[in-house]
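For reference, the structure is listed below as structure tokens.
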Amino acid sequence: DFSGNVSGDFVPSGQKSFPINVVAPDGSVLQIKVMSREAISSLCLRAYQLIHEFKNAQAMYLETKTHWLPIDSTIGEIGIKEGHTLYARRIEDETALPMFKLSEEDKARLLAERRKQTNSRFVRLGKYADTNGEKAS
């Protein structure tokens, strides 16, 4: 992560990976290191490479004990922490679990957290958006 460092000096990332467990359809448990900004789609790809039971990465989805996870979410949005367990399921298997959806309060909280972690590029983009009456994202 760049964090606005233009000096060329190495600055360690503030993001740290942590292990989670992924249970394959056969019951075997894999331990995978993830980061909070990682997308569920990339986690599916990595799990697909380790499980070998699926025809392709689109033939699977991940779920928790309470929800199935949409691929456009991130680990941090869902609230997955170190040691949590996800379950890899075949796409043709039906689930009675609801899709994970972020509440409006959680969206606002995550947006505020992201704004605290802005680098100089985001500051410049925000100023540009404010002067042109656009909504900064």
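The values are calculated or read from the model by the stated rules, or taken from the named source; none is laboratory data. All of these numbers come straight from a predicted model, not from anything done at the bench. Neighbour counts run over all protein chains shown; Cβ positions are idealised from the backbone, glycine included. What goes into the accessible areas is simple: the full protein's heavy atoms, side chains included, and nothing from ligands, DNA or RNA. Shrake-Rupley method; radii C 1.70, N 1.55, O 1.52, S 1.80 Å.
Overview of values
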read-out: Too-long pairs where the Cα-Cα distance tops 25 Å, listed order kept, from 16/107; 81/101; 33/127; 16/127; 55/81; value: 33/127; 16/127; 55/81
read-out: Surface per residue (accessible, 1.4 Å probe) for region 17-93, Å²; value: 54 Å²
read-out: Karplus-derived HN-Hα couplings along region 98-107 (A = 6.51, B = -1.76, C = 1.60, θ = phi - 60°), whole Hz, x at Gly and Pro; value: x, 6, 5, 9, 6, 6, 5, 5, 5, 4
read-out: Label point distance in nm, residue 97-residue 65, each placed 7 Å from Cα along Cα→Cβ; value: 1.1 nm
read-out: Geometric extent, Cα atoms of region 16-78 - Rg, Dmax (angstrom); value: 11.1, 32
read-out: Residues whose placed amide H lies under 5 Å from that of residue 68, excluding near-sequence neighbours; value: 99, 100
read-out: For region 72-131: rounded, prolate or oblate by the Cα gyration tensor [a/c cutoff 1.5]; value: prolate
read-out: Nearest-0.05 FRET efficiency for residue 72 and residue 116, computed from C-beta distance (R0 25 Å); value: 0.60
read-out: Theoretical gain in end-to-end length, residue 106 to residue 46 [0.36 nm per residue, Cα-Cα removed]; value: 18.9 nm
read-out: Under 5 Å, built H, 5+ apart or other chain: amide partners of residue 34; value: 18, 20
read-out: Förster radius 41 Å - calculated FRET efficiency between residue 56 and residue 124, Cβ distance, rounded to 0.05; value: 0.50
